[in-house]
Amino acid sequence: MTRQQVLPDSRVAGSDAQPSRLLSIEEACARATSLTKPITRTESVPLAAGVGRVLAEPLEARVAIPPFTQSAMDGYALAGGDGLAAGTELAVTERLPAGRRGRALREGAAARIFTGALLPDGADAVAMQEHVARAGDKIVLARAVRAGDNVRPRGEDIDPPERLLDRGERLDARHIGLIAGQGYGHVTAVARPRIAVVSTGSELRQPGQPLDAATIYDSNRAMLLALISAGGLDVRDGGWIADDADAIAARLRELAGECDLVVTSGGASVGGEDHAAAAVERAGGHAETLAMAVKPGKFTVVGRIAACAYLGLPGNPVASLVSWLLLGQAMVCALTGAPQRRPAGYPLSSLSRFQHRTGRTEFVPARLIEQGYGRIGIEILGRGGSARLRPLALADGLAEIAAERADIEPGDQMLFHPFRTII
Ligand SMILES: Nc1nc2c(c(=O)[nH]1)N[C@H]1C(S)=C(S)[C@@H](COP(=O)(O)OP(=O)(O)OC[C@H]3O[C@@H](n4cnc5c(N)ncnc54)[C@H](O)[C@@H]3O)O[C@H]1N2
Ligand code: MOO
């Protein structure tokens, strides 16, 4: 198969060449996801293990919520009709905790009732106990009450037939509660994408190995494994390989047979020692080097080896993280059928001055600073740099500076992506 570099106007022929137009984030995502084959395997998953899973079929409502008209308060169920005036006296004939079915209410009577209890026949309202004076078996209303007061009508939240969740919904605790309320103990989910992470680079050393001249410890594999497993995916450690296209190809071939997506870090750009694309081809696959208008993370390799998608991330750790967030997450959505939405970010004012050359969208580590009166600004942490993980570890999120923007001055608006919502 041929190696192709996706550069709309010109090709990167070698490490000295520069493409005349870089791909936008959207164009690069479209290339990456076009090489990704959706997973068709599904499985029944116990609800308790459903967080992070993607629904394989839509969820239709089968139970009305609430399933019966119920009291919203602790108080007294009564027939409010067009309105009972303050001072009305009623006889208390029953006591109805939640879970009990009472008898029909007689005229002039009220039932002691508690939150969530079935409203007895003949009742259409509840007087809160705080608004009632009780004397023995009688109550006197302290406030007027009319039909509908403090009552939750049957089906007010969910009224079947209704679609509750679409196929492709990625479940979190809110969805689990909604599904449990329908009486389901399991959901049909898309099988978890099997993703392998491999780091490449002859300079890399692993824990326990000494660092000699010209070597560094491998941060990316551990970081990517952590990032991917936190997303509820079936991630496996594909190990570390030196800069040798044949050795990388052999590992890719092996992992492609058992995974839906193989991710490598390192060797993604266009230098003579950058083997990612060549290794994919030697493994019998197809690879494209993408040059994206993003900083960090300009070069990535996307491809396919048989049925398995491939993503080659840049070696610099911050570039690797940013490229995973942009392209890797889009590929995971394409695998599971979840909608691909790049987080919109929140516009906030910068407290910092920052030099930005137009042409590439830049992501920089930034911290939220409270400024009193509910105002928040963002401080950019240093010059960033795609090899520096430390500012990233001190940051609250990434600030996004659009490609067409010139230098940032204090007071300028930027988009802020909190780590809480993106990693
Ligand atoms: N002539 C050019 N050279 C470079 C360009 C360019 O446009 N023209 N871009 C630079 C940028 S920016 C990046 S990012 C890198 C991307 O290069 P590669 O993806 O080929 O990555 P490597 O060359 O293998 O490594 C880059 C850097 O990252 C370190 N690294 C690699 N793997 C790890 C790891 N697992 N843990 C920690 N650090 C890692 C590696 O030692 C290098 O320092 O290309 C630039 N060059
Ligand atoms: O473009 Mo590099 O990928 O800035 O870090």
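Where a number appears in this text, it was derived from the coordinates with a stated rule and is not lab data. The model shown is predicted, which means the values in this text are computed figures rather than measured ones. Counting neighbours? That spans all protein chains shown, and the Cβs are built from the backbone with ideal geometry, glycine included.
Would you mind counting up the charge near residue 62? Only other residues with Cβ under 15 Å from its Cβ, with Lys and Arg at +1 and Asp and Glu at -1. Write out the running numbers ahead of the final one.
Values: positive: 154, 163; negative: 57, 60, 157, 159, 162.
Residues near residue 62 contribute -3 overall.
Using the crude model of +1 on Lys and Arg Cβ and -1 on Asp and Glu Cβ, and no other charge, please compute the dipole size for the chain relative to its Cα centre, in debye to 20.
380
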For region 200-283, what is the convex hull (Cα atoms) projected area averaged across all directions, in square nanometres?
6.0
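I need the trypsin sites (Lys or Arg not before Pro) found in region 339-400, filtered to DSSP loop residues with at most 16 other beta carbons within 10 Å of theirs. Working shown, then result.
Working: sites: 341, 353, 357, 360, 367, 375, 383, 388; in loops: 341, 353, 357, 360, 375, 383, 388.
In loop regions of region 339-400 (DSSP not H, G, I, E or B), the sparsely surrounded trypsin sites (Lys or Arg not before Pro) are 341, 353, 357, 375, 383.
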Report for the chain the percent antiparallel among DSSP-assigned beta bridges with both residues inside it, nearest 5.
65
Taking every DSSP bridge whose two residues both lie in region 70-152, the antiparallel percent to the nearest 5 is 80
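Given the peptides 65-76, 91-102, arrange them by the average over their residues of other C-beta atoms within 10 Å, most packed first.
Details: 65-76: 18.9, 91-102: 14.7.
Per-residue Cβ counts within 10 Å, averaged per peptide and sorted highest first, yield 65-76, 91-102.
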Using only C-alpha atoms and all pairs of different ones, pull out the Kirkwood radius for region 70-152 in Å with one decimal.
11.9
From the phi of every residue in region 73-84, what ³J(HN,Hα) in whole Hz does the Karplus formula 6.51 cos²θ - 1.76 cosθ + 1.60 yield, where θ is phi - 60° and glycine or proline is x?
9, 7, x, 9, 7, 7, 8, x, x, 6, x, 9
Considering amide H positions built from the backbone, and no H for Pro or chain starts, which residues 5 or more places from residue 92, or on another chain, come under 5 Å of its amide H?
110, 138, 139
Over region 70-152, what is the mean sequence separation of C-alpha contacts under 8 Å (at least six apart), divided by residue count, expressed as relative contact order in percent?
45
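Placing unit charges on C-beta atoms (Lys and Arg positive, Asp and Glu negative, everything else neutral), compute the dipole magnitude of region 346-422 about its Cα centre in debye, rounded to 20. Please list the in-between numbers first.
Working: 10 positive and 9 negative charges, 56 e Å.
Using only the charged Cβ atoms, the result is roughly 280 debye.
Size of the dipole of region 70-152 about the Cα centre, Lys and Arg at +1 and Asp and Glu at -1 on the beta carbon, nothing else charged, in debye to 20? Numbers along the way, then the final one.
Working: 11 positive and 10 negative charges, 52 e Å.
Here the size comes out at about 240 debye.
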Just to confirm a number: summing +1 for Lys and Arg and -1 for Asp and Glu over residues other than residue 121 whose beta-carbon lies under 11 angstrom from that of residue 121, what do you get?
+2
Less than 13 Å Cβ to Cβ from residue 170, Lys/Arg counted +1 and Asp/Glu -1: what total charge do the surrounding residues give?
+2
What 222 nm value per residue comes from the helices of the chain, counting each DSSP H run with n ≥ 4 as -39,500 (n - 2.57) and dividing by all residues, nearest 500 deg cm²/dmol?
-4500 deg cm²/dmol
Give a quick list of GluC sites (Glu not before Pro) in region 316-423 that DSSP marks as loop, anything other than H, G, I, E or B, with at most 11 other Cβ atoms within 10 Å.
404
Once amide hydrogens are built 1.01 Å from N within the peptide plane, the residues lying 5 or more places from residue 316 or on another chain with amide H under 5 Å from its amide H are none
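Given 0.36 nm per residue, what is the gain on full extension from residue 402 to residue 375 after removing their alpha carbon distance, in nm? Can you show the working numbers first?
Working: separation 27, 0.36 × 27 = 9.72 nm, distance 2.29 nm.
The residue 402-residue 375 span can extend by a further 7.4 nm.
Could you work out the percent of alpha carbon pairs in the chain separated by over 35 Å, rounded to a whole number? Let's see the in-between values first.
On the way: 42805 of 89253 pairs.
Considering the chain, 48 percent of its Cα-Cα pairs are separated by more than 35 Å.
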May I ask which residue of 129, 382, 47 lies farthest towards the positive end of the charge dipole of the chain, with charges of +1 (Lys, Arg) and -1 (Asp, Glu) on Cβ and the Cα centre as origin?
129
For residue 291, which sequence-distant residues (separation of 5 or more, or a different chain) have an amide H within less than 5 Å of its own amide H, given hydrogens modelled in the peptide plane?
6, 23
Karplus 3J(HN,Hα) series, Hz, for region 158-170 with 6.51 cos²θ - 1.76 cosθ + 1.60 (x for Gly, Pro):
9, 9, x, x, 8, 8, 8, 9, 8, 4, x, 5, 8
In sequence order, calculated HN-Hα J values of region 227-236 (Karplus, 6.51, -1.76, 1.60; Hz; x Gly/Pro)
4, 6, 5, 5, x, x, 9, 8, 9, 10
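Where both partners of a DSSP beta bridge lie in region 346-422, what percent of those bridges are antiparallel, to the nearest 5?
On the way: 19 of 21 bridges.
Once the DSSP bridges in region 346-422 are tallied, antiparallel ones form about 90 percent.
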